[in-house]
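The numbers here are math on the coordinates, done by the rules we state, and not lab data. Since the structure is predicted, the reported quantities are computational estimates derived from the model, not experimental observations. Every residue, glycine as well, gets a Cβ built from its backbone with ideal geometry; the counts of neighbours run over all protein chains shown.
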Amino acid sequence: MHLLTDIYLAAYTETCGADIAATLDSISAIDDTVHNFTFYTSVAVISSSRIEGEQMEVDSYVKHKVQDIEYLPELVEKPNDLYRAYAFARKAPLDEEHFLQAHKLITEHLLPEKWRGVYRKNEMLVLEHGSGRVQFEAAPAAIVAVEMQKLWEDIDELLARELPMNEVFYYAAFIHMMFVCIHPFNDGNGRAARLLEKWFVVQHIGNKAWYIRSEKYYYDHVNEYYRNLNRVGMFYDALDLKDAQPFLQMLPLALRWNR
């Protein structure tokens, strides 16, 4: 593979692999109904949106989606765009074409139409929410398309394999991390990365993966989430993936948190 590697898989499995299959029981008991998908996806969507600075509270957005409570358009437009992307992903196989379509949905009220579902052509500095400090320098614009081609070739290869459960979660988090490091879009990268991670798991274990509360876990541990991402370095050209374990292990922690 090009960007993903199994070099860190043994250490990952030793730390958290034994828990993954057992903790999946917590979501296996959830019936895959329209109501449950609406509820759990509402929590996922607003949690992911809150990480990116959206104002609406989790409880209020759940009421909006589950009970049809009306709120001001500026509060619900962007979370609703992300919700539509999750609903689209629930019915579509994961591939680059469908993922770019999902990004178009995510950014309907965020980017001009010409930049929705289109990889960026400009340089990208990722700023820390709140402070405005530079958090990360993403992949140089000249290599974004090439790096994304590499990532999609890796994803396609993994989707063609029958992976053990520990590898499903290991690679899902690895994909999430590498996508954020590339930061291929002008905006909507974080929301898209968290959807991509879960979408990959769904392709391997089925619709029950939509009920993993990973986005809520990341939101409730947002400082740790960003700190663990930053461990691999501030510059795409100088990533040190040996320090990726703390981030990779957050997804199994989210799964355990489901119980």
message: With only alpha-carbon atoms in the gyration tensor, what are the semi-axes of the equivalent ellipsoid for the chain, in Å, largest first?
response: 25, 23, 17
message: Quick query: amide H of F185 versus all other amide H atoms, modeled in the peptide plane; which residues come in under 5 Å with a sequence gap of 5 or more or a different chain?
response: R120
field: segment 59-146: trypsin sites (Lys or Arg not before Pro) in DSSP loop, at most 14 other beta carbons within 10 Å
entry: K121, R133
query: Given only helices, namely DSSP H runs of n ≥ 4 each adding -39500 (n - 2.57), what is the per-residue ellipticity at 222 nm of the chain, to the nearest 500 deg cm²/dmol?
result: -17500 deg cm²/dmol
message: Through the Karplus equation 6.51 cos²θ - 1.76 cosθ + 1.60, θ set to phi - 60°, convert the phi angles of segment 153-164 into ³J(HN,Hα) values in whole Hz; use x for Gly and Pro.
response: 5, 5, 4, 4, 4, 5, 5, 7, 9, 9, 8, x
- line: A correct fewest-to-most ranking of S47, S26, S42, S214 by other Cβ atoms within 10 Å would be S26, S42, S47, S214
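Where in the chain is the longest stretch that carries no GluC sites (Glu not before Pro) classed as loop by DSSP and with at most 14 other Cβ atoms within 10 Å?
The reported range is 163-259.
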- prompt: Between segment 5-84 and segment 126-176, what is the C-alpha centre distance in whole Å?
  reply: 19
field: Length added when fully stretched, K242-V222, from 0.36 nm per residue minus Cα-Cα
entry: 5.0 nm
Against the rule of thumb 2.2 N^0.38 Å, how large the Cα Rg of segment 34-152 comes out: 1.18
query: What is the sum of charges around T13, taking Lys and Arg as +1, Asp and Glu as -1, for the other residues whose C-beta is under 14 Å from the C-beta of T13?
result: -4
